[in-house]
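All of the numbers you see were taken from the coordinates with simple rules; none came from a lab. Quick caveat, the model's predicted, so the values are computed rather than measured. Please note: Cβ atoms are built from the backbone with ideal geometry, for glycine as well, and neighbour counts cover all protein chains shown.
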Amino acid sequence: LVPVALGLCLIAGRRGLIAGLALAAAWGVTTFRRNDDYQSEGRIWHDTLVKQPSNPRAFDNYGLVLGNRQQWTEAARIFTEALRLNPTSAPSRESLGAALFQLGRFPEARTLFEEAIRQKPNSPAGHRGLAGIFFKTGDTAGALREAQECVRLEPGSPPAYRRLGVAGYQVGRLADAGPGFEKGIQRDPHDPIEREAIGVIHFVHEEFEAAI
């Protein structure tokens, strides 16, 4: 996403740089939830998997804790074990794909997301993952296609619309870019990332002065 951020910086000044950085956040594919006490939760799930080494749920949840800590290598190892214990689990595939994505192992992550989608075609996490991979690997048309699918599956999600806005902007589809950002803001008008995206909307509509 660096070219977008730099382009907005040059055209829209300081606000454009902030908006460009906000756009980068749209392509995170992790589905890990937040928790106020990762240390305590981590101990609980680590103790559980030690005591119940054949429990895939314990591995999945401990992997989520590691993901929240951004310990992606260890998270990938734990999710791999969860998937070994429960080979039919689409969520485990999505979580392992997300960890591998963070490690830059895009081909492996793509395979996992595609397998998860075959298991659960309407899984938002699988399509989010593919959208991020296509974007990172330069397949902007694929990213747009998956971003559109994310909006279909998560019509109330501001990040889904922001993702659509980024993808539309990248391929020159202003019909997707502007409305994507606008709908994201309408759904969460107080989100600072969404407010910064207003600058991108102005850029899309060539309202350069308003974006400065």
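Taking label points 7 Å from Cα along the Cα-to-Cβ direction, Asp139 and Gln70 give a separation of 2.8 nm.
The packing ranking, built from the mean of other Cβ atoms within 10 Å per residue, places the peptides 144-154, 42-52, 82-92 in the order 144-154, 82-92, 42-52, highest first. With K and R counted +1 and D and E -1, the other residues having a Cβ less than 10 Å from that of Ala116 yield a net charge of 0.
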